[in-house]
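Quick note: the coordinates plus some simple rules give every number you see, no bench work behind them. Predicted model only: the values in this text are computed from it and were never measured. Backbone-built Cβ (ideal geometry, glycine too); neighbour counts: all protein chains shown.
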Amino acid sequence: MNINNHQKNTYVKKQITLALLELLKEKAIDEISISELTKKAQVGRVSFYRNYQAKEDILKEESDRLIKEWGKLYESNPDSSPQTLFPSLFDFYKQHKDFYTILYHAGMSTIIQETIIRTIQITPEMENIEAYIKSFWAYGIYGWLIEWMKRGMPESGDELYQLFKNMNQ
């Protein structure tokens, strides 16, 4: 089987990501050396530097990849509607609980926050009111997600949506 460069690079990045997540269960990111990371990933140091400038870039890329994956699933679902967005999103976060709780416990939840803000697309060019509304939703989702993680993510996305709806009545 002939593996092209893109497939090789995808494999290498996945190995690096998995290795970093494993190491973050044991120690802080600043205590993890590139040598230790690449050894655990079973790839060369050059593979790290070819793909990333910093260890945090690995986590940002994975966070972006996951939210894009959710977006594609949501968009392709014929049952998607404004009422299913919130439950769908939180069910997706719960499905990837390991990744998000590792970020949270590693003190890197700002990566989640930044991903949400990028996804909602708050830009300096937009009208103030639109930016304020989008900011309200971005930070609200982030705050709810963080509190939910602190509590062990016991509710489903549908249960969270019902709590949200009941809160507004």
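Let me make sure I get this right: for the stretch 55-169, a, b and c are the square roots of the gyration tensor eigenvalues over alpha carbons, sorted descending. Under 1.5 in a/c it's rounded, otherwise prolate if a/b > b/c, else oblate. Which is it?
Working: a/c = 1.31, a/b = 1.05, b/c = 1.26.
Judged from the Cα gyration tensor, the stretch 55-169 comes out rounded (a/c under 1.5).
Averaging the sequence gap over all C-alpha pairs within less than 8 Å and six or more residues apart, then dividing by the number of residues, gives the chain a relative contact order of 22 percent.
For a label point 7 angstrom out from the Cα of ASP158 toward its Cβ, which stretches of the stretch 69-85 have the backbone nitrogen within less than 13 Å? The answer is 84, whose backbone nitrogens lie closer than 13 Å to the label point.
Each label was represented as a point 7 Å from its Cα along the Cα-to-Cβ direction; for ASN4 and ARG118 these points are 2.4 nm apart.
In whole angstrom, note down how far apart the Cα centers of the stretch 96-110 and the stretch 140-169 are. The stretch 96-110 and the stretch 140-169 have Cα centres separated by 17 Å.
The value of relative contact order for the stretch 1-82, using C-alpha pairs under 8 Å at least six residues apart, is 27 percent.
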